[in-house]
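What follows is a short report on a single structure.
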Amino acid sequence: MTTIDELASVRTGDKGDTLILGVIAHDPAAFERMDRDLSARRVAEHFGLDAQKVTRSDLPLLNSFSFELSGLLGGGVTGSPNLDGHGKTMSYHLLTLDI
């Protein structure tokens, strides 16, 4: 098994109640591995979400992926009682995923 941390960097952003995770592969081989093994379903399971709440967009020219996780931020920055309303710490959680 390999963690995402060994294959990529992850950056986060938010749009309302949706967390956006940008996964940038360290090299083309890492991108190919994640293309095969890092599905929207795997990300949903890792975050404890219904698979229908996660979408994956492929950015092959950038060796990257974008994942949108709907409903994860508890209402968004202004409506969330969570300490991390922007979801910035969520990138570290994704880095621990084994594939």
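The values are calculated or read from the model by the stated rules, or taken from the named source; none is laboratory data. The shown structure was predicted, so the numbers you read here are calculated from the model rather than taken from an experiment. To get the accessible areas, we keep the full protein, side chains included, count just its heavy atoms, and leave off ligands, DNA and RNA. Shrake-Rupley method; radii C 1.70, N 1.55, O 1.52, S 1.80 Å.
So the values come out like this:
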item	result
Area accessible to solvent at Glu6, 1.4 Å probe radius, in Å²	120 Å²
Rounded, prolate or oblate (a/c below 1.5 giving rounded, otherwise prolate when a/b exceeds b/c) for segment 4-71 by Cα gyration tensor	prolate
Within the accessible area of segment 4-71 (1.4 Å probe), percent carbon and sulfur	46 percent
